[in-house]
1. Could you tell me what percent of the DSSP beta bridges with both partners in segment B:32-255 are antiparallel, to the nearest 5?
2. Based on DSSP, what percent of beta bridges with both residues in the protein assembly as shown are antiparallel, to the nearest 5?
3. Using each residue's phi in segment B:86-94, evaluate 6.51 cos²θ - 1.76 cosθ + 1.60 at θ = phi - 60° and report the 3J(HN,Hα) Karplus result to the nearest Hz, with x for Gly and Pro.
4. State to the nearest 20 debye the size of the charge dipole of the protein assembly as shown about its Cα centre, where the only charges are +1 on K and R beta carbons and -1 on D and E beta carbons.
5. In nm, what is the difference between 0.36 nm times the number of residues separating B:Gln30 and B:Arg290 and their Cα-Cα distance?
6. Under 13 Å from a label point 7 Å along Cα→Cβ of B:Arg13: give me every residue in segment B:132-167 with its amide N that close.
7. So what are the three principal axis dimensions of the protein assembly as shown from its Cα atoms, in whole Å, longest to shortest?
8. Could you run the Karplus curve 6.51 cos²θ - 1.76 cosθ + 1.60 with θ = phi - 60° over segment B:50-62 and give me ³J(HN,Hα) per residue in whole Hz, x for Gly and Pro?
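All of the numbers you see were taken from the coordinates with simple rules; none came from a lab. Please read these numbers as outputs of a predicted model, since none were measured by experiment. Cβ placement follows ideal geometry from the backbone for every residue including glycine, while neighbour counts extend to all protein chains displayed.
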Amino acid sequence: MEMGEDVKKLWKRIGYTEKVIDHFMHPRNVGEMKDADVSSTVGSVACGDMIKIFLKIDESDRIQNISFLSYGCASNIATTSVMTEMVKGKTLEEAKKLTFKEIIEELGGLPAIKYHCAVLSVAGLRTAIAKYEVKKGRRPLDQDFVMTLLRGVLDPMTGRDIVSMGKVKSVNIRDETIDVVLNMPEENEISKVIKVEILDAFEGLDVSLNVKFRG
Amino acid sequence: MPVKVPVYLDNMRATKVDPLVIEEMVKYMQEIYAAPGGEFGHSMEEEATEALEKARQKIAWKIGAKPEEIIFTSGRVESNNLAIKGVALASGKKGKVLSSKIEESSVLRSLERLGKIGFDPKLVPVDSEGFVRQDKLEEILSGAILGSIQFINPEIGTIQDLKAIGDIFEEKGVIFHSDASWGFCKVKIDVRKINVDLLTLSSGLIHGPKGVGALYIKEGTKLQPLLDGSPREFGLRPGMEDVPSIVGFAKAVELITEEDIARMRKLRDKLMDLLLEIPDTKLNGPRGDRRVCNNVNVSFFGVEGETILLKASMRGLLVNTASACYSRELLPSHVILAIGGSFEQSHGSVTLGLSKWTTEQEIFYAKDVLEEIVKEMRSISPLYRRS
């Protein structure tokens, strides 16, 4: 449906550019990818901001195909959609360098209150690439990697990732067993949500993951 | 015949002003524009005063009050602030101030403000339909100065039992204020039959002008004014009365009929049934007579509210959401969380408010538009696939 003038005014008031609207209304590369080499879920149901990224990588380490699913607002959809366009065909090394600021620039701007959506899109891409590298044995399954994945998990009360919020008390890795200990009491709603999201973040990796609470 | 857009179903926040109200108001802008005054005024002043007092009388009678128990304010938020802070400051002691977890922000923020100057704010929980837990209220009553419990919840339509709550407060000598904005003229209220000391009334939700409201103050209730100035409105609210708006407010009160309410209730139930046909949709708040006649609130699982709102707006359907993304604070609805709802239930919640002009055709349109959007957004939702 074509946009009326009054609708365009509404968008302007919210602070979305025409490009944001276009990607929101007609998202590119959307949908589940059945033959993906790796997928990655970041964000939080609790924040109302979650994406899942699928990657298909070719022999020369290029992103042959990328797609996404979204549970979130208009800018969540738009930033992830434009991100997929920006990295499709790029090598993994090139894609890793993409920043959230470049996504915002590409969209012609975003309201400051929605910057975190662009941050989440980049987190989704980076964790997917990191998982791919671990799966291929090119990168060790170490502390650094685990923290990268945990940076994609959000604290619902602030919308910031649990690592920078100081919620991660410790990470212990023995062979294929990872213990993540969180600085939170186990029995509250938020802890339950965060636990599910951590398990989601490690989905597809051949590890046994234990999420523990020390609140 | 295609439906005429926009289909405005955001009447829990603001309503269209009735043309008959506007007609009445214009007279007090173009012809009788003098300041309403005291006992010895010039002719136009007298006319303005007469209009003001007539309006006061109409509003008082609607709730079984005396005219001198009604003061006019700039609206719901001012009335709530004046009632809560005014009573607390006039009490001369620093005690508990009580309210519920699902109040609107002007009540919650007023309590927070009182908390900063030595009062002790306490919020009582509600049950899964939004009704105040009276047992919990009784537990925290001792030492309370004031209790403020809304009549109707604007998000989920719950009608509180003001009679029962008033009796609880009365027994312990706690002053009782209620924000009745969303119930005024929709649910019968008689201040002679319930133990309520202060009642907030609003014009903008009943097809009257915005920016005007009233506060019922039971005779003998001590209140400290928040603003200083001329001794208008029985010395409780200085500043010249906005006569056109007040006259419009009173006209709006006159215009709402029992038939309007019955029709809204019927359409509300129809809309509820239609929306619940959409899979994985949950009704928030009670049904039947315990819910205000014009409110519907549902949660669509796996979909985020801002997206629904914006997509619906593009198709001319105007609704509201409690999604965090759409709120200025980026926080999920405190109401949905307080009734035991999940974060997902909060983010996917949509509030639809009917008016006396809402038609059946509009209800069907709302259902069709929302169903399509929900289906589309669920097809790309990582969450919906999981559940």
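1. That works out to approximately 40 percent antiparallel.
2. 65 percent
3. So the J values, rounded to whole Hz, are x, 5, 4, 5, 7, 6, x, 9, 9.
4. 840 debye
5. On the way: separation 260, 0.36 × 260 = 93.60 nm, distance 4.33 nm.
Answer, rounded to one decimal: 89.3 nm.
6. B:155
7. That works out to 93, 59, 42 Å along the principal axes.
8. Residue by residue, segment B:50-62 yields 4, 4, 4, 6, 5, 5, 4, 5, 4, 5, 4, 4, 4 Hz.
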